[in-house]
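What follows is a single structure, written as structure tokens, with notes after it.
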Amino acid sequence: MRIFAIGDMHLAGGTLKTMDRFGDHWRDHDHKIFDSWERLAQDDDLLLIAGDTSWAMRLDEALPDLNRIGGMRGRKLMLKGNHDYWWESLAKMRRVVDPSINFLQASSIIINRIAIAGTRGWMCPNDSFFEEQRDRKIYEREVGRLRAALDSLKGKADGYDQLIVALHYPPTNDRHEPSGFTELIDQHKAEACIYGHLHGEAIKTALVGLRQRTNYQLVSADAVAFTPVEIPAIQQSPA
């Protein structure tokens, strides 16, 4: 099993909303993503989808996109992004999606001795766009949700060898200052952290590469040329 990630697929759902207005590189971007996965993937691979999957406003509108993802090779593990308004209860979503799709929502999963813990995340304090009155409470709630996801792995240390933290939002502000997210990532000694949300010029502000012992990787679709990227810090232990 190999592990790949991509975020911000921004599929049209039932909205007919395309991404061309954000630049020619977004033209037919969905075909680029699905075609590249078809070339790359093997049946036992895992794809982490880091939020902002569909523009749909309701679950029924998102079903064409979710069915399309369900038809992709391998297993898929999906996070909620800030534009995923279609997202409903886990029970309701699991009833209508292909069995190859699972969801992370302030939770964790262990697959082939690799633990993955995730939540949506939020904008971090001192970011250029952070507004104290609007964002502080949501930020603290999301830090708590990541803590809950990681705490759900307590007592399972013998069950996994490596840890990936998956978020939609970046785990730091645009100055790369420590945050509640990075403190938890450091405490739990994650091998990798993947996240999306950033586009265009903001890609240049991303935290990428090694910080402490964790490899940080921005995986928003336009940051990875609309091609899922393999998580390099993660290697499956030999049987």
- If you check A149, A91, A56, which single one turns out to be surrounded by 19 or more Cβ atoms within 10 Å (Cβ to Cβ), in a helix (DSSP H, G or I) and of a type outside the set (V, I, T)? A149
- Could you grab the pairs with beta carbons closer than 6 Å, sequence gap of 6+ or different chains, first residue in the range 89-109 and under 16 Å from L163 (Cα atoms) and modelled with pLDDT of 95 or more, second one small (G, A, S) and surrounded by fewer than 19 Cβ atoms within 10 Å (Cβ to Cβ)? A106/A148; S108/S152
- Query: Could you say which residue among E177, E201 is in a loop (DSSP other than H, G, I, E, B) and acidic (D, E)?
  - Reply: E177
- Query: Among the residues of the range 195-231, which ones are β-branched (V, I, T) and over 16 Å from P178 (Cα atoms)?
  - Reply: I203, V219, V224, T227, V229, I231
- Regarding A190, is this residue within 19 Å of the chain's Cα centre (by Cα), assigned to a loop (DSSP other than H, G, I, E, B) and small (G, A, S)? yes
- Task: For L207, state whether it is of a type in the set (A, V, I, L, M), outside any loop (DSSP other than H, G, I, E, B) and either in contact (Cβ under 8 Å) with a residue 12 or more places away in the chain or under 21 Å from A5 (Cα atoms) (or both).
- Result: no
- Query: If we scan the range 189-199, do we find a residue that is free of Cβ contacts under 8 Å to residues at least 24 places away in the same chain, of a type in the set (K, R) and out of contact with any strand residue (DSSP E or B) (no Cβ under 6 Å at 6 or more places or on another chain)?
  - Reply: no
- Here the residues within the range 139-174 that are among the aromatic types (F, W, Y), within 21 Å of F103 (Cβ to Cβ) and at pLDDT 95 or above are Y169
- Note on the structure: Note: among D127, D44, just one is in contact with a strand residue (DSSP E or B) (Cβ under 9 Å, 6 or more places away or on another chain) and part of a loop (DSSP other than H, G, I, E, B), namely D44
- Task: Looking only at the range 41-68, count how many residues are over 13 Å from the mean Cα position of the chain (by Cα) and either at positive phi or basic (K, R) (or both).
- Result: 2
- Can you name every residue in the range 196-215 that is of a type in the set (S, T, Y) and buried (at least 18 other Cβ atoms within 10 Å of the Cβ)? T214
- Within the range 152-193, how many residues turn out to be crowded, with 19+ Cβ neighbours inside 10 Å and charged (D, E, K, R)? 2
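The values are calculated or read from the model by the stated rules, or taken from the named source; none is laboratory data. Computed from a predicted structure; not experimentally measured. In this analysis, Cβ positions are derived from the backbone assuming ideal geometry, glycine residues included, and neighbour counts consider all displayed protein chains.
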